[in-house]
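Novice: Here it is, the structure, as structure tokens.
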Amino acid sequence: MGANLRSREGSQQGSVSTLAKKSTRLLRLFEEDLKVRFAPATVPNYVRYVRQMLHWLDERGPGLSAVRATDLHAYQSHLVARRKDDGKPFSSGHHVNQVKAIKGFFRFLYRGGYLLADPAAGLEFPRMEHALPRVILTPQEARKIVEAPDGSIRGLRDRAIVETLYATGIRAGELSNLTPYDVDTEERVLRVVRGKGGKDRSVPLTRPAAVAIEAYLASSRPQLALFKEREAKHLFLGNYGGKLKSARLSLIIRHWTEKAGVKKRVTCHTFRHSVATHLLRGRADIRHIQALLGHASLGTTERYTRVEIQDLRKVVRRAHPRGR
């Protein structure tokens, strides 16, 4: 009986060792599973978060094969204690995404039969911060930036980009992944394929945005596509053809913001915040704004409904006995 027990123990240790050696392959399988369910921009981030966790586990002994819930709670504490290069803590949203990746990875292993139990099942998400956006453009500032690009090849492209951002409020990654087949300038509709959360949605284009895209498609995009014809699959192309990278997109927004004389620190996301705020001030229904922005939760959209300090000052000045 003792021999049989030792034999079973040896077999279990062997299987544990084998599982530990397969962590790279399992991570690759997890990555393929993510590609089916999530937007392209999400997948590499989730894989990176899981790889960092596996490295931490290997350094401390348990490894993937013998990981327990207590190990993952310790890792979560480690994540909270980490700081950026400038000494500031990571945002709660960043921590939430890391926990999502970890829970998704172990759920994948459990459902695939690679683990007998899911050690991450009890891992809780950190409390999300719901701070208001720090930078909101006024309609006048947005118009200045939108109208700043010139009529050059790159200027036509940049005008179409900024018009699209302000018209739809789509994310930078969603804009970069657009193809010419995703836009219908006649019907003035833009289709976002596999946006955040792997969801598709259709959003309306304003008339100026549709006109700017048509001008870009007619005069600018064909010239940019000449640099790399085989890679010219996306709607908005980089300076030398190919996909427009996020870094270049940020530089474009910064360049035309400075040219417009707007002193605020404007990013692609600033247009997203601004269009939501402007629509609310125009008495648009919050659920319509939720659909436009592609928010999974109405609570995410509701943060734009908080009364801004400027509006509050006006109310106090008008209604308070000592407000004037």
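Novice: Taking only the stretch 188-232 into account, find how many residues are outside any helix (DSSP H, G or I) and either farther than 17 Å from ALA160 by Cβ or of a type in the set (Asp, Glu) (or both). Step through it out loud before you land on a result.
Specialist: Our first condition is that a residue be outside any helix (DSSP H, G or I); within the stretch 188-232, this holds for 188-195, 199-206, 226-228, 232.
Checking which are either farther than 17 Å from ALA160 by Cβ or of a type in the set (Asp, Glu) (or both) leaves us with 193-195, 199-202, 226-228.
Final tally of qualifying residues: 10.
Novice: Working only within the stretch 76-114, note down all residues that are in contact (Cβ under 8 Å) with a residue 24 or more places away in the chain and among the hydroxyl-bearing types (Ser, Thr, Tyr).
Specialist: Within the stretch 76-114, SER91, SER92, TYR114 meet the criteria.
Novice: Here is a list of conditions, (1) under 29 Å from ILE170 (Cα atoms); (2) in contact (Cβ under 8 Å) with a residue 24 or more places away in the chain; (3) assigned to a helix (DSSP H, G or I), and ARG51 meets all of them except one; can you say which number that is?
Specialist: Of everything listed in (1) under 29 Å from ILE170 (Cα atoms); (2) in contact (Cβ under 8 Å) with a residue 24 or more places away in the chain; (3) assigned to a helix (DSSP H, G or I), ARG51 misses just condition (1).
Novice: Say whether the condition of being among the basic types (Lys, Arg) and either assigned to a loop (DSSP other than H, G, I, E, B) or not assigned by TED's automatic domain parsing to the domain that holds LEU29 (or both) is met by at least one residue in the stretch 87-107. If you could, list the steps in order and put the result at the bottom.
Specialist: Taking the stretch 87-107 and keeping what is among the basic types (Lys, Arg), we get 88, 100, 103, 107.
Then drop every residue that is not either assigned to a loop (DSSP other than H, G, I, E, B) or not assigned by TED's automatic domain parsing to the domain that holds LEU29 (or both), which leaves 88.
Taking every residue of the stretch 87-107 in turn, at least one turns out to be among the basic types (Lys, Arg) and either assigned to a loop (DSSP other than H, G, I, E, B) or not assigned by TED's automatic domain parsing to the domain that holds LEU29 (or both).
Novice: Residue by residue through the stretch 233-282, note down the ones that are over 15 Å from GLU174 (Cβ atoms), touching a residue at least 60 places away in the same chain (Cβ under 8 Å) and in a strand (DSSP E or B).
Specialist: Within the stretch 233-282, LEU237, ASN239 qualify.
Novice: What number of residues within the stretch 65-82 satisfy the criterion of being in contact with a Pro (Cβ under 7 Å, 6 or more places away or on another chain) and part of a helix (DSSP H, G or I)? Don't jump to the end; show me each part of the working.
Specialist: Our first condition is that a residue be in contact with a Pro (Cβ under 7 Å, 6 or more places away or on another chain); within the stretch 65-82, this holds for 67-69, 71-72.
Still in the list and also part of a helix (DSSP H, G or I): 69, 71-72.
Result for the stretch 65-82: 3.
Novice: Report yes if THR24 is at pLDDT 60 or above and loosely packed, with under 15 Cβ neighbours inside 10 Å, otherwise no.
Specialist: Working: at pLDDT 60 or above: yes; loosely packed, with under 15 Cβ neighbours inside 10 Å: yes.
So THR24 fits the description; yes.
Novice: Please go through the stretch 169-221 and give me each residue that is aromatic (Phe, Trp, Tyr) and surrounded by fewer than 21 Cβ atoms within 10 Å (Cβ to Cβ), ordered by number.
Specialist: At the first step, the residues of the stretch 169-221 found to be aromatic (Phe, Trp, Tyr) are 181, 216.
Scanning the stretch 169-221 gives a single hit, TYR181.
For every residue, the table says whether it meets (1) surrounded by 18 or more Cβ atoms within 10 Å (Cβ to Cβ); (2) of a type in the set (Asp, Glu); (3) over 20 Å from ARG37 (Cα atoms).
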| position | (1), (2), (3) |
| --- | --- |
| HIS73 | no, no, yes |
| ASP85 | no, yes, yes |
| VAL99 | yes, no, no |
| PHE105 | yes, no, no |
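The values are calculated or read from the model by the stated rules, or taken from the named source; none is laboratory data. Bear in mind the structure is a predicted one, so any value in this text is a computation, not a measurement. Glycine also receives a Cβ, built like all others from the backbone with ideal geometry; neighbour counts cover every protein chain displayed.
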